[in-house]
Amino acid sequence: MRRIPTDHWLLALRTVLAVWIALYLSLRLDLSQPAWAILAVMIVTLQPVMFTGGTPPIGIIIGRSLARFFGTLFGAIAGLVLIACFGQQPMLYLLFAGGWLAVCTYCVMLEQDEAVAYVMMLSGYTATLVSLTAIGTGVEQIWSVALARFTETAIGIGAGLLMHIVIAPRFGSRGLPESLSTLLAEAAGESLEALEGERSRSAQDQRFTTLLQHYQQFEKLCGLTRRETRRYRHVIPALDRFASDGLALITGLREFEEALRRLRARPEGARWLAGLSEQAAPLLRDIRDRPAGEPRSRVALPGFDWSQAEAVEDDLRIDAELVHQRLGEVLGLLQHGRRLRHALEHPDSSLVQSLPRERRPRKPHNEHFVARYNALRVFIAFELLGLFWIHSGWQSGYLAMMLLGVFTVLFAKAPNPAAIVYQFMWGSIAAVLLGGIILFLILPVINGFPLLAITLGIPVMIATLITPYPRWSLLGLAGGITMMTLLNLHTTYSFTPVRYINGGLASIIGTIVTMITYSLFRQRTPDERIATLLEAYWAGLARIAGTRRLPNRARLESRLYDRLGRLVALGGSEARLREAIDLHALALCVWRLRHLREGLGEHRAAIETWLRQVSARLEHASRHDPALWRTLAGEAETWAARLHHETRLPVAVIGELVMLAHLMRNAPGTQLEADSRRAVTARQAPAGGEG
């Protein structure tokens with residue numbers, strides 16, 4: 001038998017003690033449904049456990065607790081409004097309650113801030129819980145139902161949060177300095193290895209995958225810092241700024257390696273690269289080996305002394321300057337990260353004053369089509385089940401409606417919600433059976449709070465102990481939700497098995513209807529979502545190339561990164577990560593060219609016209625044709641050579657055109673788009689049967 005870790009026993013202890021506190025206070029205050037307070041404890045505690053596999057950091061618990069408090073408050077108010085306006089009009093109630101649930105689901109799907117999305121989630125299904133409970137038990141009791149729901153949930157939230165703070169709290173933000181050190185060391189090591197020798201494409205892809213994982217871990221811990229400690233409050237804006245700069249670091253490394261590859265291909269490239277490597281390698285080794293070391297004053301790479309060289313080919317000079325520029329960007333970001341790392345350990349350092357004090361604006365990429373589809377299927381399922389409930393006269397049907405509302409919003413973001421609800425169904429069945437045993441066999445023979453607390457504490461402990469394991473986590477949470485929905489711990493015991501069985505069947509039917517909804521109204525496949533994301537990317541690239549007013553770079557980078565993250569999550573392979581990074585770099589190259597347009601002189605109008613033509617061709621032509629990319633790369637190289645020979649423009653401008661050509665030759669997005677379209681076509685084609 002596998003030994004249960006100490007962390008899981010501590011988690012069970014926190015949960016059981018919080019349940020006892022919530023139960024005691026609810027009974028002491030004579031609240032109508034103490035089980036709702038217990039349910040709040042279990043959801044706040046156990047839902048994060050499903051994703052962390054153990055005790056979640058206190059920052060997550062605090063965030064979830066606050067979000068659940070305000071979400072329940074807003075949902076209770078919405079439930080009051082629904083009943084006040086449509087309590088006597090069941091068809092209008094169904095229409096507007098389903099509309100509210102759909103709007104909240106839409107916002108949950110779009111909102112990237114976890115706390116705000118959780119507030120909207122709670123607002124959605126709490127409104128249906130309050131209003132449906134009032135309809136099932138008596139509309140005249142709506143104020144009491146809403147007040148009880150909010151009060152008992154607040155008690156459960158407070159009890160759960162208190163136990164997590166008092167009993168061995170786990171602070172995720174304590175790992176922030178080490179996470180930043182790892183990110184800096186990996187990035188510096190990647191830069192150093194790129195300087196020392198060319199590597200295979202697969203090795204590069206693997207390192208970028210690792211680097212992205214370290215960056216995501218750092219970003220996650222940054223989010224916990226705001227809630228867990230005030231120790232880092234002086235550097236929170238700088239942390240947020242570096243979380244954005246980390247994207248530029250990953251993209252800069254990719255462009256740096258591409259520029260290195262081109263320079264090494266030149267006959268004299270190795271000689272000029274050796275001098276650059278000699279200057280940068282000591283600093284990179286220092287950052288790699290001692291990322292938390294004392295930061296130096298910012299080191300800038302000296303430029304090439306072309307006057308001392310004999311005849312140098314123009315192409316070699318441009319490639320060398322491009323490597324110099326990209327390496328300078330990478331070194332600047334690494335040194336900035338090192339100053340930030342030093343400030344985490346030395347808040348009184350003078351370097352803190354030089355760190356950014358304002359957060360950068362964020363602009364995530366929103367998949368509106370996914371949000372609209374989820375909102376639509378929630379609305380249709382709610383309306384159809386509601387019509388059956390009303391016209392059939394099913395007395396316990398409101399319980400099925402409640403669980404349908406909860407599950408459709410709760411699992412809207414899951415990749416395969418039907419499979420999750422399927423596991424919840426078995427947890428609900430087990431909870432109905434166990435709840436019946438407790439209600440009809442155990443509760444009648446016990447009296448007093450201690451025996452009641454022990455009776456409920458045992459199943460709560462079992463559910464808590466199995467939740468950290470992926471195979472059983474949904475069973476534990478589902479059992480807790482269903483049991484606390486059915487049990488009435490306050491009323492005097494009365495033998496009403498028919499009513500309980502009807503309620504249990506309604507809960508199971510609500511779960512089954514949710515599973516059927518997700519099975520019939522299937523979410524778009526990952527390949528279909530990739531195809532749509534790429535369509536949005538090309539449209540965005542056209543806007544960057546054609547708009548008069550350039551978007552803010554930080555907002556552009558955050559939007560590109562958000563889209564990059566979705567592509568990686570949907571694709572999953574290292575090759576797809578490289579393609580997504582190349583797409584990111586391509587968009588930033590176009591942005592930089594537009595940003596430097598004042599330096600194009602008399603060629604500005606012609607270059608901007610060419611960029612618009614390129615984006616139009618990419619938007620409307622067959623983009624997964626490598627021949628098209630080779631043509632575009634040749635055009636970019638022609639422009640770079642022409643500008644260099646005719647105008648002697650700054651190398652920064654010409655270098656961007658050269659980098660654009662380098663990236664185009666890699667045909668970014670080709671494999672992503674070809675695979676996704678092939679999969680979509682195969683899925684849409686009718687299955688051919690054998691004759």
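The values are calculated or read from the model by the stated rules, or taken from the named source; none is laboratory data. Since this is a predicted model, take the numbers as computed values, not measurements. Heads up, the Cβs are rebuilt from the backbone with ideal geometry, glycines too, and the neighbour counts pull from every protein chain shown.
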What about Glu193, is it in contact with a His (Cβ under 7 Å, 6 or more places away or on another chain), farther than 21 Å from Asp562 by Cβ and either in a helix (DSSP H, G or I) or not assigned by TED's automatic domain parsing to the domain that holds His342 (or both)? no
If we keep only residues of segment 229-272 that are in contact with a Lys or Arg (Cβ under 7 Å, 6 or more places away or on another chain) and buried (at least 19 other Cβ atoms within 10 Å of the Cβ), then the residue nearest to Thr210 (Cα to Cα) is Gly252
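Can you confirm whether Val145 is β-branched (Val, Ile, Thr) and surrounded by fewer than 24 Cβ atoms within 10 Å (Cβ to Cβ)?
Against the criterion (β-branched (Val, Ile, Thr) and surrounded by fewer than 24 Cβ atoms within 10 Å (Cβ to Cβ)), Val145 does not qualify.
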Gly691 vs (1) assigned by TED's automatic domain parsing to the domain that holds Pro551; (2) modelled with pLDDT under 80: all pass except (1)
Only one of Leu66, Leu17 is assigned to a helix (DSSP H, G or I) and closer than 25 Å to Glu111 by Cα, namely Leu66
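How many of the residues making up segment 281-305 are within 39 Å of the chain's Cα centre (by Cα) and closer than 15 Å to Leu322 by Cβ?
1
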The residue from Glu598, Glu579, Glu619 that alone is charged (D, E, K, R), touching a helix residue (DSSP H, G or I) at 6+ places or on another chain (Cβ under 9 Å), more than 30 Å from Val378 (Cβ to Cβ) and buried (at least 20 other Cβ atoms within 10 Å of the Cβ) is Glu579
Only one of Arg266, Arg254 is in contact (Cβ under 8 Å) with a residue 24 or more places away in the chain, within 15 Å of Ser191 (Cβ to Cβ) and among the basic types (Lys, Arg), namely Arg254
